[in-house]
Amino acid sequence: LAKTTQPISMDSYEGQEVNITCSHNNIATNDYITWYQQFPSQGPRFIIQGYKTKVTNEVASLFIPADRKSSTLSLPRVSLSDTAVYYCLVGDANTDKLIFGTGTRLQVFP
Amino acid sequence: NAGVMQNPRHLVRRRGQEARLRCSPMKGHSHVYWYRQLPEEGLKFMVYLQKENIIDESGMPKERFSAEFPKEGPSILRIQQVVRGDSAAYFCASSPRGGQGDEQYFGPGTRLTVT
């Protein structure tokens with residue numbers, strides 16, 4: 001089963017831009033890439049979704065290269081409240097299953 | 001429009017008992033997914049259901065675990081004869097259409113503790 005991997009943790013300071021990358025080298029051809037945010041003791045919350053190139057909404061941007069084997073979630077000007085775990089979710093080409101990434105724990109410092 | 005609801009939020013069971021976890025999807029959503037999250041780990045897919053049908057149960061343990069999503073009422077994840085290793089947070093998510101690109105909305109989770 002192909003892995004969907006992310007850095008375990010990242011640290012940042014308030015006001016900085018944070019980029020979190022997810023590697024999904026066996027993504028299904030027709031599948032989207034979705035990113036979620038999870039706070040302790042809560043369910044994941046949708047952040048952004050894309051298929052290719054760049055997607056932007058009011059909270060984040062998502063960059064997807066042409067080969068779609070990775071994606072980068074970009075959080076502009078993070079605040080303390082952005083401290084959370086961030087997961088990517090993609091479909092695996094071999095199994096056609098949705099696979100969550102390993103998760104990245106973002107810590108934002110004042 | 002209420003979000004995805006799960007109950008109970010916390011459930012304590014002794015080894016050998018049964019655990020029943022309920023999930024009410026968002027209004028208008030007919031697709032439900034169940035995930036398990038062990039402490040300090042990511043979410044693992046368990047089962048995908050549509051009204052009255054199990055679409056994909058490849059993530060479900062072969063024994064003791066079952067799920068249903070009846071025509072009326074919430075989706076139920078049932079764990080028989082619980083063991084300590086079943087202690088985890090169980091999340092359900094719902095979506096309106098299922099399939100590619102369909103956003104999943106997650107509930108707050110049920111935290112199961114087996115003593």
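Which whole number gives the average, over all residues in A:98-104, of C-beta atoms from other chains lying within 10 Å of the residue C-beta? Walk me through the numbers on the way to the answer.
Working: counts 9, 4, 7, 2, 2, 5, 0.
Whole-number average of other-chain Cβ neighbours for A:98-104 is 4.
Over 5 Å intervals from 0, what percent of Cα-Cα pairs in chain A sits in each interval?
The distribution over chain A is 2, 13, 24, 25, 19, 10, 4, 1, 0, given as percents.
Report Rg/Rh for the stretch A:58-110, rounded to two decimals, where Rg is the Cα radius of gyration and Rh the Kirkwood radius.
Working: Rg = 13.4 Å, Rh = 12.9 Å.
Rg/Rh: 1.04.
Neighbouring Cβ atoms within 10 Å as the yardstick, rank A:Tyr32, B:Tyr33 fewest first.
Details: A:Tyr32 20, B:Tyr33 25.
Result, fewest neighbours first: A:Tyr32, B:Tyr33.
If each Cα of the stretch B:63-115 is one equal point scatterer, what is log10 of I(q)/I(0) from the Debye formula at q = 0.17, 0.19, 0.20, 0.23 Å⁻¹?
Results for the stretch B:63-115 at q = 0.17, 0.19, 0.20, 0.23 Å⁻¹ read -0.69, -0.82, -0.88, -1.02.
At a 10 Å Cβ-Cβ cut-off, how would you order A:Cys88, B:Cys92, fewest neighbours first? Write out the running numbers ahead of the final one.
Working: A:Cys88 28, B:Cys92 32.
Placing the least packed residue first, the sequence is A:Cys88, B:Cys92.
Counting other C-beta atoms within 10 Å, which of B:Ile76, A:Ile48, A:Ile8 has the fewest, and how do the rest follow? Each step should come with its number before you reach the end.
Details: B:Ile76 16, A:Ile48 21, A:Ile8 9.
In order of increasing Cβ crowding within 10 Å: A:Ile8, B:Ile76, A:Ile48.
Please give the charge dipole size of the stretch B:1-108, origin at the Cα centre, charges +1 on K and R Cβ atoms and -1 on D and E Cβ atoms. Round to the nearest 20 debye. Before the final figure, lay out the partial values.
Working: 16 positive and 12 negative charges, 91 e Å.
About 440 debye.
Quick one: which residues, 5 or more positions from B:Gly109 or on another chain, have an amide H under 5 Å from its amide H? H modelled 1.01 Å from N in the peptide plane, none for Pro or chain starts.
Those qualifying (amide H under 5 Å, at least 5 residues apart or on another chain) are B:Gln6, B:Cys92.
First select every other residue whose beta carbon is under 14 angstrom from the beta carbon of A:Ser74; then total the charges, Lys and Arg +1, Asp and Glu -1.
Working: positive: A:Lys54, A:Arg77; negative: A:Glu17, A:Glu58, A:Asp82.
With Lys, Arg at +1 and Asp, Glu at -1, the neighbours total -1.
Give the separation of the Cα centroids, the stretch A:57-95 to the stretch B:63-93, in Å.
Each part reduced to its Cα centre gives a spacing of 29 Å.
Distance cut-off 18 Å, Cα to Cα: go down the list A:Lys97/B:Lys51; A:Lys97/B:Lys71; A:Lys3/A:Lys97; A:Lys3/A:Lys54 and report the pairs above it. Write down the numbers at each step before the final one.
Details: A:Lys97/B:Lys51 20 Å; A:Lys97/B:Lys71 25 Å; A:Lys3/A:Lys97 12 Å; A:Lys3/A:Lys54 23 Å.
In this structure, A:Lys97/B:Lys51; A:Lys97/B:Lys71; A:Lys3/A:Lys54 exceed 18 Å between Cα atoms.
If the cut-off is a Cα-Cα distance under 19 Å, which aspartates and glutamates reach B:Lys44, setting aside same-chain residues fewer than 8 apart in sequence?
By straight Cα distance, B:Lys44 reaches A:Asp31, A:Asp92, A:Asp96, B:Asp56, B:Glu57, B:Glu63, B:Glu68, B:Asp86, B:Asp102, B:Glu103.
Could you work out, residue by residue across A:36-48, how many beta carbons of other chains sit within 10 Å of that residue's beta carbon, and then give the average as an integer?
Working: counts 5, 0, 6, 0, 0, 6, 6, 16, 11, 2, 5, 0, 0.
For this peptide, the per-residue mean of nearby foreign Cβ atoms is 4.
Counting only Cα atoms, I'd like the Rg/Rh figure for the stretch B:1-82, Kirkwood definition for Rh.
On the way: Rg = 12.9 Å, Rh = 13.5 Å.
Here the Rg-to-Rh quotient is 0.96.
Which value, to two decimals, describes the C-alpha radius of gyration of the protein assembly as shown once divided by 2.2 N^0.38 Å?
Values: Rg = 17.6 Å, N = 225, 2.2 N^0.38 = 17.2 Å.
The value comes to 1.02.
At 7 Å along Cα-to-Cβ for each site, give me the label-to-label distance between A:Ile8 and A:Asn25 in nm.
Going by the 7 Å Cα→Cβ label model, 2.1 nm.
Rule-based calculations on the coordinates, nothing more; no lab input. This one's a predicted model, so the numbers in the text were calculated from it and none came from an experiment. Quick reminder, even Gly has a Cβ in these numbers, built from the backbone with ideal geometry, and neighbours come from all protein chains shown.
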